[in-house]
Amino acid sequence: MNTQFDIAIIGGGPVGAALALALRGSKLKVCVLEARPASSASNDARALALSYGSRLLLDRLGVWNSLQGISPIRTIHISQKQSFGRAVLHAAEMNVPELGYVLPYPALQDALSRAIAHPSPASGRGAGGEGRGEFHYLSGASVMHLKGEAEQAVITYQQDGVEHTLRTRLSVVADGGKLLAQQYPPEVRDYGQSALITHITCSAPKANTAFERFTPQGPLALLPFQNGYELVWTAPHQAAQDMLVWDDAKFLHELHSHFGDRVGEFLTVGKRTCFPLGLRRAPQQTPMPHTVLLGNAAQTLHPVAGQGFNLGLRDAWELAQEILDATPEALGTEAMLAAYRSRRRTDREAGIRFTDGLVRLFSNDLPLVSAGRAAALTALDCLPFVKRYVAKRMMFGANG
Ligand SMILES: Cc1cc2nc3c(=O)[nH]c(=O)nc-3n(C[C@H](O)[C@H](O)[C@H](O)COP(=O)(O)OP(=O)(O)OC[C@H]3O[C@@H](n4cnc5c(N)ncnc54)[C@H](O)[C@@H]3O)c2cc1C
């Protein structure tokens, strides 16, 4: 394999893989380095809520129709514990068939990986000089070191115990946020919360309805999936650890007292997993030349409004357009990266502020704040233009 590339994507997770697909068929020499071996499928326990806007992008990437086991969301019910005020969003009011979709992280990852393995015909679009592009997907390739130089970036990775080096005009760090975290520490806000996730069934599920319930200990979401719901229950770290080991009866009882009667009795609970939560926001301008951060490596959000992947996917799509529009000389230059940052600034900032604001505003039980929140939920419910504004932001982002 030639070791000189136009684009090297570090991390073939959902965001890195989406970028790779968007560049597929161009004249560029692209390489994806993914630490997970080809033989081991992702076993990530998360379920993801994809927005309608993400559906449109995944469709353009040729992935949407191959996604299996998706559950649509047509209604979102938002409420807060121990208070009046609630808002309900319906897809029909927003003139879309669905507000979003729920699917397991591994299902999305598998569909993206399958699409990468079965190339579409070369479109010949974009930078990268004469002739057809090249595309390499390296599984089990763990990047150990990245260095930006004047004309290129140099990547050192290990595969099958052997160390290799490659050079690239642009290195895209989509590794979830570890590789450069020590060198360029992100701004971190620890919410003091973990998310417990699991699958639950109940006696009166509401078809295609997602629930978001704000409680003083953190938000709780029920995302419709198959015969029940994917539960995302946030709580202070220690409380979440305790909830992991409750017996099923206690878990279902506590969930009921937290959530109420909207879906009847809770009947069964599946395997439980915990994720510590926080806001991690890398400096937008990476001081390392020929390098850009993407997806969770650029910003890791609280899952409260299901925005992380949706925002990362929009980042990947827009970065691909910037790359494809660049001349061969401009690829990976500071001018090109500045243009990308400026294109994404509004949506990124809005996504971070929206998610962070929700967590901080709703995770307390101050009486005055609680009354204000109740009024805000009622206003959201009663004012169609506010509802449309919020729903549009959640579906398409701030640039949509
Ligand atoms: C509990 C929870 C619920 C969530 N729910 C939602 C939701 O409903 N909707 C939503 O939009 N988002 C949600 N998110 C956020 C979403 O999961 C992330 O935004 C998304 O996974 C980011 O994808 P990524 O590809 O950037 O990073 P990751 O998913 O972290 O993937 C990184 C990839 O890089 C690889 N890698 C790591 N290090 C290296 C290395 N050194 N060399 C090579 N490869 C490497 C990894 O193997 C992995 O494949 C949720 C998050 C959590 C924690």
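Derivation of every value follows stated rules applied to the coordinates shown; laboratory data play no part. Nothing here was measured: the structure is a model prediction, and the numbers come from that model. Virtual Cβ from ideal backbone geometry, glycine too; neighbours counted across all protein chains shown.
When only alpha carbons of the chain are considered, Rg and Dmax amount to 21.7, 66 Å. Here is the list for the stretch 324-400: GluC sites (Glu not before Pro) lying in DSSP coil, each with at most 11 other C-beta atoms within 10 angstrom of its C-beta, are Glu329.
What do you get when you divide the Cα radius of gyration of the stretch 274-322 by 2.2 N^0.38 Å, with N the number of residues? Write down the numbers at each step before the final one.
Numbers: Rg = 11.9 Å, N = 49, 2.2 N^0.38 = 9.7 Å.
Taking N as the residue count of the stretch 274-322, the ratio is 1.24.
Here the stretch 211-239 and the stretch 310-338 have alpha carbon centers that stand 36 Å from each other.
Candidate cross-link partners of Lys178 among the lysines, defined by an alpha-carbon separation under 21 Å and a same-chain spacing of 8 or more, comprise Lys147.
In the P(r) worked out for the stretch 34-91, what percent of Cα pairs fall beyond 13 Å? Tail of the P(r) past 13 Å holds 76 percent of the pairs.
Given contacts defined as C-alpha pairs under 8 Å and at least six residues apart, what's the relative contact order of the chain, whole-number percent? Numbers along the way, then the final one.
Working: 849 pairs, mean separation 89.5, N = 400.
Taking the mean separation of contacting Cα pairs over the length of the chain, I get 22 percent.
Between Gln82 and Leu244, the contour length at 0.36 nm per residue exceeds the alpha carbon distance by 55.9 nm. Each part reduced to its alpha carbon centroid, the stretch 24-58 and the stretch 72-92 end up 30 Å apart. 3J(HN,Hα) along the stretch 29-39, derived from phi through the Karplus expression 6.51 cos²θ - 1.76 cosθ + 1.60 where θ = phi - 60°, amounts to 9, 10, 9, 10, 10, 10, 5, 5, x, 4, 6 Hz, with x in place of Gly and Pro.
Under the rule of -39500 (n - 2.57) per DSSP H run of 4 or more residues, summed and divided by the residues of the chain, what mean residue ellipticity at 222 nm is obtained, to the nearest 500 deg cm²/dmol? Walk me through the numbers before you get to the answer.
Numbers: 9 runs with 129 residues, N = 400.
Per the formula, -10500 deg cm²/dmol.
Near Lys392, which lysines are there with a Cα under 27 Å away, not counting those fewer than 8 places off in the same chain? Result set, ordered by chain and number: Lys81, Lys206.
Test of understanding: ordering Thr378, Thr355 by Cβ neighbours within 10 Å, fewest first, what list do you get?
On the way: Thr378 14, Thr355 21.
Final ranking by Cβ density, sparse to dense: Thr378, Thr355.
Rg then Dmax, both in Å and based on the Cα atoms of the stretch 141-259: 21.6, 62.
Listed highest first by mean packing, meaning other Cβ atoms within 10 Å per residue, what order do 36-43, 166-173 come in? Mind showing how you got there, number by number?
Working: 36-43: 12.1, 166-173: 26.1.
Top of the packing list down: 166-173, 36-43.
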